[in-house]
There are 2 protein chains.
Amino acid sequence: MAENIKKILIDLGKKVVNDIFKNKNPAIDIPVRAISNVVFNEKTKMLSLGSKTAERFFFNIGHSKKFLQTLEIAAISKSLLDVAKHASLRDVFYMAKRTIPGSNINIVDEQTESDKVIEDLELIADLSREQLNINANKMGSVAGNVIVEDKGDIIDWSKLGSGGWSIPSNVEEIKFKKVNAKYVIYMEKAAVWERLHEDRFWEKQNCLIMSSQGQTTRGIRRLLQRLSQEHGLPIFVLADFDPWGMYIYSVIKYGSINLAHISEKMTIPNVKFLGITADDIIKYDLKKNFIAMKEIDFSRLKQLSEYQWFKNNKNWQRQFKMMKDFKAKAEIQALSGRGITFVSDKYLPEKLKNKDYIE
Amino acid sequence: MAENIKKILIDLGKKVVNDIFKNKNPAIDIPVRAISNVVFNEKTKMLSLGSKTAERFFFNIGHSKKFLQTLEIAAISKSLLDVAKHASLRDVFYMAKRTIPGSNINIVDEQTESDKVIEDLELIADLSREQLNINANKMGSVAGNVIVEDKGDIIDWSKLGSGGWSIPSNVEEIKFKKVNAKYVIYMEKAAVWERLHEDRFWEKQNCLIMSSQGQTTRGIRRLLQRLSQEHGLPIFVLADFDPWGMYIYSVIKYGSINLAHISEKMTIPNVKFLGITADDIIKYDLKKNFIAMKEIDFSRLKQLSEYQWFKNNKNWQRQFKMMKDFKAKAEIQALSGRGITFVSDKYLPEKLKNKDYIE
């Protein structure tokens, strides 16, 4: 596996060397990653890149630094693969940051430069950053009836006390040894995860519970995708009733503009939004725990409702309209006002039993 | 244990009931938590509360709402202890938030109100929030040669693959079954933790590695403190060379103003700062990865240098001065510029061998 990936990087280098020996201006083909080339594919239901490509030339004042950076990052990635080590984005920045001999120019000055080139390389090589041994930040926990093998250890996600397994930033090499669960609930809040875990929700319902804190890491997205694709588990998102919670769902399902080039390796087309919905607020009497929407919430809600994948979706338009009418948002933890175990004992079992979720 | 804690809360309620039957104005004694009553105790080397106390009365327009809130939170805590469940701060807010019958006044309107009263209750009852079954957010990972028992599960921190054990928000009930390590390194960055973990640093050095992302959670502080107090392990902090990294160390060692009332249950007086130090920057040639300090960094540095516990500490004053002279900060990951495993293979082993750390 690592050998195949290295071969792709070596071939990239060979291509450049060949150009040089043929007295050609060395060039790399690269799909355009501007927003103008991001399209929502109605068939695959994913944000993806259009067909525009560009060539990056060595002998071109506008291109030459980027060209150099691209080869530098490819070389760093190959050196990581050589020693079977992984680096964070920040590490890669520092590994690339040095002054070009005989000049006062640094290969990179800011991490944004190396980050962008890493994303370019994902495209050029058709490999994910994780496959290039470059990791994002690690965050989040998981519990349930699953046994995995990772780095030679056998890890039983059902026997890890109150903490659970800490999800690594890179889950590509994890092997699933046993998956005995009917579905996965992913939630945006660690505190809600601890609630469900203390109530042994995953045991009673035979499911998996997974959380981050705030944004969904790439490690979590890939872990969810692998559980969906390789084990056919339905994935449910439990988020706040606000534009940000709904966007978390949107990214997991359709991808994001930034990572449109890697949608296939990240998105989960059949993920479902379990709650909190506008209807839940009425049914479970959560209005007393409303939080008034601010200007920024309204403008984000408007953006959300105009996204191509939501625009013609009646269910979502209904949610957006109700939120606008409420002029208010509500958090998952608002359910605690009905009792500390209400979310585990009543809300979630009832929602799942009644198939009361939105797509 | 839970019975003793409940008894303290029940006694608090009985005291109020007795006041009522004696026709006295019901009152609760409470140490003053204002900054004017926070002192640095030179003997214990901890930030702690001074001796000022105040009485909170029911029949006092300025006190009555806080009085009610205090009893409400005590009742919520007791109800959690009754069913052996834990709630997050946010949960407790929603559990307390309701309208007083026959009025349009809510018991609490904002989480800041319930949070403050929870801290008051820690003082009144001389119990930590964790003992009151109220948890903060969970974050962070740990790995090393330790076996714990938690919720009936036996968890081996050395056999958890690339993820490690996800540290729970509340570590009070964890039992240490085996602790086979010489020391603990706590670092502020999850990416550095993954670096050391991939390099099996804890195995080679027979230590524990622990991290959060950003601020140190109460769960982590208590876990570090328990490893220090119950197992005599030295604790080292690995942080960025900037005022914020140094403050992370300061809080772990001396406590913080906000939590001065609970310093004894949190602080670790013999924790050591392993790096990044100003001397490291020179010795390991990290200047090329300097980041220029901004206005806010300079003013934070000034504050830090004037703290009572740093003011007369020559080692620290030297560090502060060198940072000021450098006009620059540096991150742990700057070490990656020297090679991806430099931190594990050279920097840390050398620092530890030479006892090259600051107190």
Whether chain B is rounded, prolate or oblate, judged on the alpha carbon gyration tensor where a/c under 1.5 counts as rounded: prolate
Other protein chain Cβ atoms within 10 Å, averaged over every residue that makes up B:83-90: 5
Angle in degrees between helix B:243-254 and the longest Cα principal axis of chain B, rounded to the nearest 10: 60 degrees
Lys, Arg +1 and Asp, Glu -1 on Cβ, resulting dipole of the protein assembly as shown about Cα centre, debye, nearest 20: 360 debye
Per-q log10 I(q)/I(0), segment B:281-327, q = 0.16, 0.33 Å⁻¹ (Debye; single scatterer per alpha-carbon; no solvent): -0.48, -1.18
Order of A:ASP280, A:ASP199, A:ASP29 - criterion: other Cβ atoms within 10 Å of each residue's Cβ, fewest first: A:ASP29, A:ASP199, A:ASP280
D (Stokes-Einstein, µm²/s), Kirkwood Cα radius, segment B:141-353, 1.002 mPa s at 20 °C: 120 µm²/s
Sorted by Cβ density within 10 Å, fewest first, the residues B:THR341, A:THR44, A:THR267: A:THR44, B:THR341, A:THR267
Among A:ILE76, A:SER48, A:MET139 the positive-end extreme of the charge dipole of chain A (Cβ point charges): A:SER48
Percentage relative contact order, segment B:141-353, counting C-alpha pairs under 8 Å, at least six apart: 18 percent
Environment charge at B:VAL271 (Cβ cut-off 13 Å; Lys +1, Arg +1, Asp -1, Glu -1): +3
Dipole of the protein assembly as shown, positive direction: furthest Cα of B:VAL343, B:PHE326, A:VAL237, with charges on the beta-carbon: B:PHE326
Per-residue Cβ neighbour rank within 10 angstrom, fewest leading, B:ILE124, B:ILE105, A:ILE154: B:ILE105, A:ILE154, B:ILE124
Segment B:256-359: C-alpha gyration tensor shape, a/c 1.5 cut-off, then a/b vs b/c: oblate
Inter-chain shielding of B:140-149 (mean C-beta neighbours from other protein chains, 10 Å cut-off): 2
Antiparallel DSSP beta bridges within segment B:141-353, as percent of all bridges there, nearest 5: 60 percent
Between 0 and 90°, nearest 10: helix B:314-326 axis offset from chain B longest Cα axis: 70 degrees
Rounded if a/c under 1.5, otherwise prolate or oblate - the protein assembly as shown, Cα gyration tensor axes: oblate
Relative contact order of chain B, defined on C-alpha pairs under 8 angstrom at six or more residues apart (%): 13 percent
Computed magnitude of the charge dipole of chain A (debye, nearest 20; Cβ of K, R +1, Cβ of D, E -1): 600 debye
Shortest-first distances to equivalent copies, position B:ALA34, nm, label 7 Å out along Cβ: 6.1
Shielding by other protein chains, A:167-177, mean Cβ within 10 Å: 3
Projected label distance in nm at A:LYS6 and A:ASP82, using a 7 Å step from Cα toward the beta-carbon: 0.9 nm
In order through segment A:62-72: 3J(HN,Hα) via Karplus (6.51 cos²θ - 1.76 cosθ + 1.60), integer Hz, x for Gly, Pro: x, 9, 4, 5, 4, 4, 4, 4, 4, 5, 4
For segment A:240-359: relative contact order, % (alpha-carbon pairs under 8 angstrom, 6 or more apart): 35 percent
Sites A:ASP153 and A:ILE257, calculated FRET efficiency, Cβ-Cβ separation with R0 41 Å, nearest 0.05: 0.65
Label point at A:VAL17 placed 7 Å out along Cα→Cβ; residues across segment A:84-127 whose backbone nitrogen lies under 19 Å: A:125
Given charges at beta-carbon only (K, R positive; D, E negative), |dipole| of segment A:141-353 in Debye: 620 debye
Value at 222 nm in deg cm²/dmol, rounded to 500, when DSSP H runs of n ≥ 4 in chain A each add -39,500 (n - 2.57): -12000 deg cm²/dmol
Point-to-point label distance, A:LYS175-B:PHE290, nm (Cα→Cβ direction, 7 Å offset): 5.1 nm
Packing-based ranking, highest mean first, of A:90-103, B:244-257 given that Cβ atoms within 10 Å are counted: B:244-257, A:90-103
Within segment B:272-359, trypsin sites (Lys or Arg not before Pro) in DSSP loop having at most 12 other beta-carbon neighbours inside 10 Å: B:LYS294, B:LYS327, B:LYS355
Between 0 and 90°, nearest 10: helix B:218-231 axis offset from chain B longest Cα axis: 70 degrees
Of A:LYS78/B:LYS324; B:LYS175/B:LYS265; A:LYS302/B:LYS85; A:LYS7/B:LYS351; B:LYS116/B:LYS182, those spanning more than 29 Å from alpha-carbon to alpha-carbon: A:LYS78/B:LYS324; A:LYS302/B:LYS85; A:LYS7/B:LYS351; B:LYS116/B:LYS182
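Each reported figure results from applying straightforward, stated rules to the coordinates on display, with no laboratory input. Only a predicted model underlies this, so the values are computations on that prediction, with no experimental measurement involved. No Cβ is skipped: glycine too gets one built from the backbone with ideal geometry, and neighbour counts run over all protein chains shown.
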